[in-house]
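Undergrad: What follows is a structure written as structure tokens; I'll ask about it next.
The values are calculated or read from the model by the stated rules, or taken from the named source; none is laboratory data. These numbers were taken from a predicted model, which means no experiment stands behind them. Please note that ligands, DNA and RNA were not included when accessible areas were found on the heavy atoms of the full protein model with its side chains. Shrake-Rupley method; radii C 1.70, N 1.55, O 1.52, S 1.80 Å.
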Amino acid sequence: MTVLLVLLQLVAAVVFSWLAWPAWAAVPVTVLAAATCVTERRRWRWLWGNVV
């Protein structure tokens, strides 16, 4: 559930930043969201491993 909530927050941040802000402000949000997905992979694998 934690992984899904984090992904939901990241998707919402990216989508609504593009809807609400100019591109120069939305691009860093998108880059940070992508970086978060990359850096969280080990943790997410660990969390999913504990579920199964």
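Undergrad: Given a 1.4 angstrom probe, I'd like the percentage of the accessible area of the chain that is carbon and sulfur, rounded to a whole number.
TA: Details: 3140 of 4190 Å².
That fraction is 75 percent.
Undergrad: If every alpha-carbon in the chain counts as one equal scatterer, what log10 I(q)/I(0) does Debye give at q = 0.15, 0.17, 0.21, 0.27 1/Å?
TA: Summing over Cα pairs of the chain leads to -0.46, -0.55, -0.73, -0.98.
Undergrad: Follow-up question, since we're still on this one. Probe of 1.4 angstrom, ligands and nucleic acids ignored: what's the accessible area per residue over the chain, in square angstrom?
TA: Details: 4190 Å² over 52 residues.
Value returned for the chain: 81 Å² of accessible area per residue.
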